[in-house]
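Each value in this text was obtained by applying a stated rule to the coordinates, not by laboratory testing. All figures in this text were calculated on a predicted structure; none of them were measured in a lab.
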Amino acid sequence: LLLERYDRETVKSVNVEFASAAESSLDYQISADLDGSLASQHDIIKRLLQRGAVEAANENNWVIPFPQITLHKSPN
């Protein structure tokens, strides 16, 4: 997704590493080495990296666990 929006010269590398195993997930650290001219695009780039991770999970049929909340109503 980064290369769809930014030139190859400004996106030097993207790295994905296993970070930890949580109770119901495997957590990864995603980082990108970018040209300094993209510093003002930090928030957009962060969202693109997250979107790319979700798209990869969907394309590979990986289940993304979502915490479930149960609410109990007390009788009045």
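Compared with the alpha-carbon gap, the fully stretched path from Glu9 to Trp62 is longer by 15.9 nm at 0.36 nm per residue.
Taking a ≥ b ≥ c as the square roots of the eigenvalues of the alpha carbon gyration tensor, the chain is prolate, as a/c is not under 1.5 and a/b beats b/c.
Based on DSSP H segments of at least four residues, each scored -39500 (n - 2.57), the chain has a per-residue ellipticity at 222 nm of -9000 deg cm²/dmol. Between 0 and 90 degrees, rounded to the nearest ten: what's the tilt of helix 42-59 against the longest Cα principal axis of the chain? For 42-59 against the chain, the angle is about 60 degrees.
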